Amino acid sequence: MIWFIIISILMSIANVHTLLSIGVNLDGLHDWSRSLPYVNLVRQARVWGSADRPWDGNATFDLVSGWPNNDFGIVLATNNIDMGGTYMLYAKGNAQVSTAGGSPANIVNKTYDASTNTLTALINVPQGAIQMMLSFRNTTGPGLQDIAILQPGYDLSSKSRITKLMLAHLSRFNIIRFMDWTNTNANYEVNWNDATSVNWPTYTPPKRNPWETVPNIINQINKPIDIWINIPHGATNDYILNIAKIMLKELNPLSNIYVEYSNEVWNSMFPQAKANLLAAMDSIHNHGDPLHLNHDGISNSYAWGFRRTAYQIKHISDLFKIVFGKENVGLWKRVRPILAGQAVNPYVINTGLDYLNTIYGPPSTFLHGIAIAPYFDLEHYKTWSNLTVDQVLDGFYSSIQRFLPEHGWSQQAPIGVHAVYAAWYKLNVYGYEGGPDTASGCGDCSLEAKIKATRHPRMTDICLTFLNGWSRFGFQTLNWFGSGANQIGKYGSWSLLEDMRQEILIDTTKMFNSTSSVAQLPRPAPKLKAIDQFRQSSVQFNFGISIPSYNVNATNFAGHKVPYPDPDLRYLGPNSVFYYPLQIRQSPIQINLTVYVGGNSGTLEASINNEQFIQVQTPTTFNTTTFQAAPLIQFIITQRIVPSIVTLRLKSIQTGYSIRSFDVVASPRK
């Protein structure tokens, strides 16, 4: 008997990949970052300090406007390579201005216009200066206001803008993730009036970049780049709705919006993970489990937390539908909710997806995709001292092999397992972060070799291998961690650059002298070169079981042990399930599935991508090691992404038989 079903799997874009998509995580705002994104450096300054010790945070300021109301000091930038140049100072009010904290600079052309109550000056910073701190004494009136310290080459008309250098840097990317930009891991905002106003002088902790800066950056690039925003873990409905309204009103309408609940809610080192787990436990123990987090009586509190994370992004999806309309939120819509989890532990995301499917229906009703963060590290060299540069690079290359599609979908290949399970629920896979990790294990160990390795030409090929491997899974965009420039140190080598003037999309050679330390850095930086080469390349999809395939061993299911203890699937319990990725290279396509079973007659169910489930009666054989073909099952599959995978699931409804293998072949459509 032939069983026949039509499976329509609607994903989205036509054919992958001509020019490949790449995203980036925007650097957080700190005085010690070398990205210097704002023209006006006051935006990245620390909390106002005293005039004698600008870093102490002890100056008084107006609680409404945020401006200092007495003498004060300001830490504008630290830890740079070469800040040499002429900076413009502008303020309302008057004061005696001097450098502080050993910052080398000359303050010239200071003028005060009493008719406009305006102070101006030029700050000449010599080549090689690594920081800038200023002190303001004998301030007039209520203190200085509207203070701006503009980077070289800009005037007051640009004081609210992002630098041309940063905009050029970001313009190459398809998605910008604003997790660090909005300080997600330390964002305790609950109510909308907790959010930072755009009129607040500084955007660094305890404040943060206002939400309005997100569309503002995209709109300055003049290119419809997509955004990825992270909702604070404690945000109220009103807070979330206000974010949605800002994005609807101010963002380029051609830019899509990826939305994630907080960041790494599974990661116990972050406060949001602890808060989420406590909230899940409280919901179950003290409020009658209104979210049905314990619907199956499971005793695993961590599973409750993973389910609550899934509920939260579903809830955020529902709130964005109020603002954008139901037709604009979801799978391949403008607003694209994402469930993120742990790259090495598929259980985190799988638990959330299964919960949504059981309680609320197919996850693709609410979500666009899942996201993980694949990082490659030094592998077995992570804790070694006295490494050579080649050993660091060899460690990277060895680590990357775990992230390639050839590694399969076993228990030891969690990236492949994520691919299989996402396809089962018809969801896309993204990288919310990813890149090289030089800090894990021992950040201080072999630091000099790590610095040189990051600058080495081989680093370009290593990063390309990593990015190409990601795309050969058929995955969507990976957001590199991270953008901009920072020091390579014991805490990592996360940024693409060590100085923004390594950027090559605009001419930066006139921004530093040939004797500057900047001139000694590679241009382009190896990681940035890999990004640009990747953008212009194409890759061959190479993941899953090809069609046709015969005698596919049934033990090769997603998450199987290596080695598997038996030659076939035996001693199956009721409702045991097994998932397999099938390559789809044309659409529509009809496939014939033949499963080989042995033992007593029972009920076998086969399905594709969580749709229409077909049950067949298996034949009776002499014993569980003698196999015969079960009745043929046919599927017609329609994909809008080709090539890609669909996920076949086999489920033993009524047991008593073993499963040895299956054949999967294409057949002409009638």
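Please give, to one decimal in nm, the separation of the simple spin-label points placed at Thr111 and Asn623, each 7 Å out from Cα toward the Cβ.
Distance between the two pseudo-spin positions: 10.2 nm.
Summing +1 for each Lys or Arg and -1 for each Asp or Glu, what net charge is found among the other residues whose Cβ lies under 11 Å from the Cβ of Gln145?
Values: positive: Lys92; negative: Asp62, Asp146.
In short, -1.
With point charges of +1 on the Cβ of Lys and Arg and -1 on the Cβ of Asp and Glu, referenced to the Cα centre of the stretch 165-535, which listed residue (Tyr203, Leu331, Ile372) lies farthest in the positive direction of the dipole?
Of Tyr203, Leu331, Ile372, it is Leu331.
Mean projection of the alpha-carbon convex hull of the stretch 499-548 over all orientations, in nm²?
That works out to 4.9 nm².
Would you please calculate the Kirkwood hydrodynamic radius of the stretch 41-159 over all C-alpha pairs and express it in Å, rounded to one decimal?
Averaging 1/r across every pair of different Cα atoms and inverting gives 14.2 Å.
Work from the charge dipole of the chain (Cβ charges, +1 for Lys and Arg, -1 for Asp and Glu, about the Cα centre) and give the residue of Ser135, Asn252, Asn294 farthest towards its positive end.
Asn252
Determine the sum of side-chain charges near Tyr550: Lys and Arg each +1, Asp and Glu each -1, restricted to other residues whose C-beta is under 14 angstrom from that of Tyr550.
Value of the local net charge: 0.
If you take the C-alpha gyration tensor of the stretch 165-535, multiply each eigenvalue by 5 and take the square root, what semi-axes do you get, largest first, in whole Å? Please list the in-between numbers first.
Details: eigenvalues 236, 133, 73 Å².
In descending order the semi-axes read 34, 26, 19 Å.
At 0.890 mPa s and 25 °C, plugging the Kirkwood radius over alpha-carbon pairs of the stretch 190-237 into Stokes-Einstein gives what diffusion coefficient in µm²/s?
It comes out at roughly 200 µm²/s.
In percent, what relative contact order does the stretch 41-159 have, based on Cα pairs under 8 Å that are 6 or more apart in sequence?
Values: 319 pairs, mean separation 38.5, N = 119.
Relative contact order of the stretch 41-159: 32 percent.
Give me the one-decimal Kirkwood hydrodynamic radius in Å for the stretch 564-606, with the sum taken over alpha-carbon pairs.
13.5
Under the Cβ-under-4.7 Å rule, which cysteines of the chain stay unpaired?
For the chain, the answer is Cys463, because their Cβ atoms have no other cysteine Cβ under 4.7 Å.
For the chain, give the magnitude of the charge dipole about the Cα centre (Cβ charges: +1 Lys/Arg, -1 Asp/Glu; no others), in debye to the nearest 20.
The dipole magnitude comes to about 1180 debye.
Mind giving me the FRET efficiency for Ser537 and Ile322? R0 is 35 Å, r the Cβ-Cβ distance, nearest 0.05 is fine. List each step's numbers first, then the result.
Numbers: r = 41 Å, r/R0 = 1.17.
The pair Ser537/Ile322 has a calculated efficiency of 0.30.
Could you give the size of the charge dipole of the stretch 41-159 about its Cα centre, using +1 on the Cβ of each K and R and -1 on the Cβ of each D and E, expressed in debye and rounded to the nearest 20?
Approximately 40 debye in magnitude.
Under a 5 Å amide H to amide H cut-off, with H placed in plane at 1.01 Å, what residues pair with Ala439 once short-range neighbours are removed?
For Ala439, whose amide H was placed from the backbone, the distant partners under 5 Å are Ser493.
Using 0.36 nm per residue of separation minus the Cα-Cα distance, give me the extension gain between Tyr360 and Leu632 in nm, one decimal.
Going from the current span to full extension adds 94.7 nm.
When averaged across all projection directions, what area in nm² does the alpha-carbon convex hull of the stretch 412-489 cover?
Spelled out: convex hull of the Cα atoms, projected over all directions, averaged, 6.4 nm².
Order these peptides, 200-210, 292-302, by their mean beta-carbon neighbour count within 10 angstrom, highest first.
Working: 200-210: 18.9, 292-302: 13.5.
Top to bottom by mean Cβ count within 10 Å: 200-210, 292-302.
Under a point spin-label approximation (7 Å from Cα along Cα-to-Cβ), what is the Thr86-Asn222 distance to one decimal in nm?
A separation of 2.7 nm, rounded to one decimal place.
Could you give the length gained on full extension between Met281 and Tyr571, defined as 0.36 nm per residue of separation minus the Cα-Cα distance, in nm?
So the chain would gain 100.8 nm between Met281 and Tyr571.
How much length is gained on full extension from Glu212 to Leu241, taking 0.36 nm per residue of separation minus their Cα-Cα distance?
Here the answer is 9.1 nm.
Order 331-344, 179-192, 424-437 from most to least packed using the mean count of other Cβ atoms within 10 Å.
424-437, 331-344, 179-192
Write down Rg/Rh for the chain, rounded to two decimals, with Rg from the C-alpha atoms and Rh from the Kirkwood relation over Cα pairs.
Ratio of gyration radius to Kirkwood radius: 1.03.
Which residue, chosen from Asn216, Met83, Pro68, occupies the Cα position most advanced towards the positive end of the dipole of the chain, where the dipole is computed from +1 (Lys, Arg) and -1 (Asp, Glu) charges on Cβ about the Cα centre?
Among Asn216, Met83, Pro68, the one farthest towards the positive end of the dipole of the chain is Asn216.
To one decimal place, what Kirkwood hydrodynamic radius in Å is obtained for the stretch 432-552 from all pairs of distinct Cα atoms?
16.2
Given labels modelled 7 Å from the Cα in the Cβ direction, how far is it in nm from Lys510 to Leu63?
For the pair Lys510/Leu63, the computed spacing is 5.0 nm.
In whole Å, what are the extents of the stretch 260-403 along the principal axes defined by its C-alpha atoms, from largest to smallest?
The principal-axis extents, from largest down, are 56, 37, 23 Å.
Roughly how many debye, to the nearest 20, is the charge dipole of the stretch 165-535 about its Cα centre, given +1 on each Lys and Arg Cβ, -1 on each Asp and Glu Cβ, and no other charges? Present the calculation step by step, with values, prior to reporting the outcome.
Working: 31 positive and 30 negative charges, 143 e Å.
I would put it at about 680 debye.
Coordinate-derived values only; no laboratory data. Keep in mind it's a predicted model, so treat the numbers as computed, not measured. So basically every Cβ, Gly included, is an ideal-geometry build from the backbone, and we count neighbours across all protein chains shown.
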